[in-house]
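A short worksheet on the structure shown next.
The values are calculated or read from the model by the stated rules, or taken from the named source; none is laboratory data. As the structure is a computational prediction, the values presented were derived from the model and not from experiment. As a convention, Cβ positions derive from the backbone with ideal geometry for all residues, glycine included, and neighbour counts pool all protein chains shown. All accessible areas refer to the heavy atoms of the entire protein, side chains included, with ligands and DNA or RNA removed. Shrake-Rupley method; radii C 1.70, N 1.55, O 1.52, S 1.80 Å.
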Amino acid sequence: MRVITLAGSPRYPSRSSALLHHAGKWLESQGVDVLPWHLHNFPPEDLLAARFDSPALITFTEQLASADGLIIATPIYKASFPGGLKAVLDILPERALEHKVVLPLSTGGSVAHMLAVDYSLKPVLNALKAQDILQGVFADDSQIAHYDRTPVFTAALEARLKESLHQFLQALIRRQPEPLRRSA
């Protein structure tokens, strides 16, 4: 199984990228091949000009096509996700997430931003024909400490993240084709 991770924060390190890194390491420990991507992998001029022929976008699209799932981690600013992430999603092919399991992870200054994923990110993922968008995890700033070094998550966040990753892995497994059986 292969999963693409996409860090949607314009900053690195960030709380959302700390969540994403933790998720990627957990999936790798479960035998999943994880290919990490960050907004910084896409030249800003390609995003601003919506260059569909951008070498970075072509590589990302090819890797996404062969992936079983996608984890997107994003901060929430002013009740939405960053424009750089929106620019990446806007120039993906229309059915880029078809047959993919998607897990959104998000961070924000307070729980007041919790619904932003449902109202701003999930509609875009649906437009890209994501097959299965899981509930995801929201963390406010008080739940992640030392994100610029070794991040420390609260016990409650750690438990929610582990449960979501387990559900994500189970959804990936369910989507795997059944092995061919020989007839006797």
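Of all the residues in the range 62-109, those that are open to solvent by 20 Å² or more (accessible area, probe 1.4 Å) and of a type in the set (Val, Ile, Thr) number 0.
Scanning the range 110-149 for residues that are open to solvent by 50 Å² or more (accessible area, probe 1.4 Å), in contact (Cβ under 8 Å) with a residue 12 or more places away in the chain and among the acidic types (Asp, Glu) returns Asp141, Asp148. Selection over the range 115-165 of residues that are over 17 Å from the mean Cα position of the chain (by Cα) and part of a loop (DSSP other than H, G, I, E, B) gives a count of 7. Residues in the range 154-178 that are touching a strand residue (DSSP E or B) at 6+ places or on another chain (Cβ under 7 Å) and at pLDDT 90 or above: Leu157, Arg160, Leu161, Ser164, Phe168, Ala171, Leu172. Quickly run through the range 15-30 and pick out the residues that are surrounded by fewer than 23 Cβ atoms within 10 Å (Cβ to Cβ) and either touching a Phe, Trp or Tyr at 6+ places or on another chain (Cβ under 6 Å) or farther than 22 Å from Arg174 by Cβ (or both). Of everything in the range 15-30, those that are surrounded by fewer than 23 Cβ atoms within 10 Å (Cβ to Cβ) and either touching a Phe, Trp or Tyr at 6+ places or on another chain (Cβ under 6 Å) or farther than 22 Å from Arg174 by Cβ (or both) turn out to be His21, His22, Lys25.
Residues in the range 124-153 that are at positive phi and either modelled with pLDDT of 95 or more or of a type in the set (D, E, K, R) (or both): Lys129 only.
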